[in-house]
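The values are calculated or read from the model by the stated rules, or taken from the named source; none is laboratory data. Computed from a predicted structure; not experimentally measured. For neighbour counting, all protein chains shown are included, and Cβ atoms are generated from backbone atoms with ideal geometry for every residue, glycine included. Heads up: the accessible areas ignore ligands, DNA and RNA and are worked out on the full protein's heavy atoms, side chains in. Shrake-Rupley method; radii C 1.70, N 1.55, O 1.52, S 1.80 Å.
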Amino acid sequence: MFERRIAMRAQILYLLNFLLLPGIAFILLLAIWYRTATEGESLHRQHLASAIKWALIGGLTLVIVPISYVFF
């Protein structure tokens, strides 16, 4: 049950990062990742890794696309 709660929090923070609280939700994702770093590979670690990866990809896309539009 604990793993499901952490996995759901990771997905909720991922959505909050893009919709309501950009930056703050990403920092909370990293805090959860750091807090559970000693645990083995499990469901919540996979969800956290996926949420962090896609948040980084989305954030980079939001920065790179407008910059490339301005300069090219």
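At-a-glance table
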item	result
Given (1) without any contact (Cβ under 8 Å) to a residue 40 or more places away in the chain; (2) more than 11 Å from the chain's Cα centre (by Cα); (3) surrounded by 14 or more Cβ atoms within 10 Å (Cβ to Cβ), index of the condition Leu28 fails	(2)
Counted residues, the range 43-72 - those being among the hydroxyl-bearing types (Ser, Thr, Tyr) and closer than 20 Å to Tyr14 by Cβ	2
Selection from the range 34-51 of residues that are modelled with pLDDT of 80 or more and open to solvent by less than 40 Å² (accessible area, probe 1.4 Å)	Thr36, Arg45, Leu48, Ala51
Contacts under 9 angstrom Cβ, first residue in the range 12-23 being closer than 14 Å to Ile57 by Cβ, partner open to solvent by less than 80 Å² (accessible area, probe 1.4 Å) and β-branched (Val, Ile, Thr), 6 or more apart	Tyr14/Ile52
Test for Leu60: is it surrounded by 15 or more Cβ atoms within 10 Å (Cβ to Cβ) and among the hydrophobic types (A, V, I, L, M, F, W, C)	no
